[in-house]
């Protein structure tokens, strides 16, 4: 009987997995991020913070994404993270936000993201859209 019980416990424990990766990635987003540059669009050009003259910041809480322009709140929307197929290939974690002044869609364009230390890269999941770089505000 003990053999069967041990075997059963072993099967149960071996079927468990650690699914914390998405949560860890989402926690890396939390905080305030200062916009550095964006590249893309139809022309493939680059816009930088020094050229644009506007200071753009993103702030991620556990449930909301707040956008600041020159220190003033311009939007505050709920967001969530999903792992789904990217137009750039493979599966990526994506930020999905509530719609913002969009009549024909429930949510805005998905943005895949990568956090490397104090750098955040957001890539809009659409053709001729922009990929933006942000630096973590300490």
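The values are calculated or read from the model by the stated rules, or taken from the named source; none is laboratory data. Keep in mind it's a predicted model, so treat the numbers as computed, not measured. As a convention, Cβ positions derive from the backbone with ideal geometry for all residues, glycine included, and neighbour counts pool all protein chains shown.
Among the strands (runs of 3 or more DSSP E) confined to the stretch 80-125, there are none with at least 3 residues that are modelled with pLDDT of 85 or more and more than 19 Å from residue 34 (Cβ to Cβ).
Quick check on my filter: what residues within the stretch 17-53 are out of contact with any strand residue (DSSP E or B) (no Cβ under 8 Å at 6 or more places or on another chain), at pLDDT 80 or above and part of a helix (DSSP H, G or I)? Across the stretch 17-53, the qualifying residue is only 27. If the condition is being more than 15 Å from the chain's Cα centre (by Cα), in contact (Cβ under 8 Å) with a residue 40 or more places away in the chain and exposed (fewer than 15 other Cβ atoms within 10 Å of the Cβ), then the stretch 29-83 contributes 39, 41, 42.
Counting only residues that are touching a strand residue (DSSP E or B) at 6+ places or on another chain (Cβ under 7 Å) and in a strand (DSSP E or B), the stretch 55-77 holds 16 of them.
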